[in-house]
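Chemist: What follows is a single structure, and I will ask about it in a moment.
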Amino acid sequence: MLNPGPVPIADYEREQTKAKRLVRTNTTILMATLFPPIRWVVTGYVPEGLAILAGRQKLGKTWLAIDFALAVACGGTAMGAISCKQGDVLYIDMENGPRRIQRRVETLYPHAHRRPDLSRLDWASEAPMLNNGFIEALDEWRLSVDEPRLVVIDVLQRIKPPGNANQNAYESDYAVLSGLQRWATGNGIAVVALHHTKKGGADDPLEALSGSNGMSACADTTLVLDKDQNGVTLYVRGRDVEEKESALKFTAGYWTVIGEASEVRRTDERSVIIEFLRDNREPITPTDLGAALGWKTNNTKQLLFKMAQKGEILREKGRYFLDAHNLDNRDNPGRL
């Protein structure tokens, strides 16, 4: 047998250190590759990959997650408006237990004979830690069902191991979630992990997650459920989703999306303006109206102008008012 000769130094060192090579793709090949479309679980809100659903305690995160789970399991609608493709769902609920889960489902479907087929929704009340068998447990479920589409973790903190003393909080959170994120994206499954927001909140609701920014940085999608004087808003931001703010309402266990938050709030503001003008009757300037309502003058001016254009109110010499003979202004053509 011929002696192959000495091994090149670079190859020898690579073999000795077990160093991994970079896996490269040429741009020409990359641009010619046909990738499958993003797999949506709840269109516009929850795509494949890891999603963090956060909010204050008792605000209804679990009800919203159950809404997603039921919609996917039976091929129904999420938030009363978004059709979901049917698939298999695993809901890991480590806080409520079987009795409370049963009550929640009965709240949503009080009549057993009208209850849809929910056989594609499985529940688990216990789970291993993220760094000690959790991914393997998910994979076992994935291989046991026909079409795995959604996993809900309620709540993330129950399976999150303590931070690593050799890492800062950001590094630790990112490292803990990275395996789960890779599993979700690699298998085309949506994993929605419930989490809490900071007590003090944040200027940007999507940066209000409790803990470090490592969580939102690792997650493919971040959803934050928040409530203020304007109502409940679901904020969404992610790698594959268009950033949005949706106004929601909650009634008897059901979450319903009303519409884009800015449009819904604007409608509410218009109602306030019409009510004010109806009560005061006298024409008023945008500055005075803004001061009376505690609104910014420029925003008030823009909204009044739009309302006058649509004939909702009248404008004359820079002042706005309702027609005294038509206080509802339903037939007002506008007078600009």
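Chemist: How many angstrom lie between the Cα centre of region 102-145 and the Cα centre of region 66-100?
Modeler: 9 Å
Chemist: Under 15 Å from the 7 Å Cα→Cβ point of Asn299, by amide nitrogen: which residues of region 256-287?
Modeler: 261-273, 287
Chemist: A follow-up question, please. Order these by the 10 Å Cβ neighbour count, fewest first: Thr256, Thr185.
Modeler: Final ranking by Cβ density, sparse to dense: Thr256, Thr185.
Chemist: Mind checking region 249-325 for trypsin sites (Lys or Arg not before Pro) that DSSP puts in a loop (not H, G, I, E or B) and that have at most 15 other Cβ atoms within 10 Å?
Modeler: Arg281, Lys296, Lys310, Lys317
Chemist: On to the next question. What 222 nm value per residue comes from the helices of the chain, counting each DSSP H run with n ≥ 4 as -39,500 (n - 2.57) and dividing by all residues, nearest 500 deg cm²/dmol?
Modeler: Computed ellipticity for the chain at 222 nm equals -10500 deg cm²/dmol.
Chemist: Still on this model: So which GluC sites (Glu not before Pro) in region 237-278 are both in a DSSP loop and have at most 16 other Cβ atoms within 10 Å of their Cβ?
Modeler: Counting only loop positions with at most 16 other Cβ atoms within 10 Å, the GluC sites (Glu not before Pro) in region 237-278 are Glu242, Glu243.
Chemist: If you rank His195, His111 by fewest surrounding Cβ atoms within 10 Å, what's the result?
Modeler: Lowest count first: His111, His195.
Chemist: Further, regarding this structure: Give me the aspartates and glutamates in straight-line cross-link reach of Lys199: C-alpha distance below 17 Å, same-chain residues under 8 apart excluded.
Modeler: Glu207, Asp226, Asp228
Chemist: If you don't mind, there's one more thing I want to ask. Using 0.36 nm per residue, how much length does the chain from Asn96 to Ile38 gain when fully extended, once their Cα-Cα distance is taken away?
Modeler: 17.6 nm
Chemist: If R0 is 56 Å, what FRET efficiency do you get for Tyr109 and Lys317 from their C-beta distance, rounded to 0.05?
Modeler: Numbers: r = 59 Å, r/R0 = 1.05.
Using R0 = 56 Å, I get an efficiency of 0.45.
Chemist: For each pair in Lys85/Lys306; Lys227/Lys317; Lys244/Lys317; Lys58/Lys306; Lys244/Lys306, compute the distance between the two Cα atoms and list the pairs where it is over 32 Å.
Modeler: Working: Lys85/Lys306 40 Å; Lys227/Lys317 39 Å; Lys244/Lys317 38 Å; Lys58/Lys306 38 Å; Lys244/Lys306 23 Å.
Where the Cα-Cα span goes over 32 Å, the pairs concerned are Lys85/Lys306; Lys227/Lys317; Lys244/Lys317; Lys58/Lys306.
Chemist: How high is the relative contact order of region 264-321? Use alpha-carbon pairs under 8 Å, at least six apart in sequence, and give a whole percent.
Modeler: With pairs under 8 Å counted, the relative contact order is 36 percent.
Chemist: Counting other beta carbons within 10 Å of each residue's own, what order do Tyr45, Tyr174 fall into, fewest first?
Modeler: Tyr174, Tyr45
Chemist: Mean separation of Cα pairs under 8 Å and 6+ residues apart, divided by the residue count of the chain: what relative contact order is that in percent?
Modeler: 17 percent
Chemist: Moving to a separate point now. Count neighbours as other Cβ atoms within 10 Å of each site's Cβ, and list the trypsin sites (Lys or Arg not before Pro) in region 55-91 that are DSSP loop with at most 10 such neighbours. Walk me through the intermediate numbers first.
Modeler: Details: sites: Arg56, Lys58, Lys61, Lys85; in loops: Arg56, Lys58, Lys85.
Passing both the DSSP loop test and the Cβ count: Lys58.
Chemist: Here's something else I'd like to know. Return the lysines within reach of Lys310: Cα separation strictly under 16 angstrom, same-chain partners fewer than 8 residues apart disregarded; answer none if there are no such residues.
Modeler: Lys301
Chemist: What FRET efficiency, computed as 1/(1 + (r/R0)^6) with R0 = 51 Å and r the Cβ-Cβ distance, is obtained for Thr27 and Ser119, rounded to the nearest 0.05?
Modeler: Calculated transfer efficiency: 0.65.
Since every read-out is calculated from the coordinates, none of them should be taken as a lab result. Since this is a predicted model, take the numbers as computed values, not measurements. Neighbour counts are summed over all protein chains in view; Cβ atoms, including those assigned to glycine, are modelled from backbone coordinates with ideal geometry.
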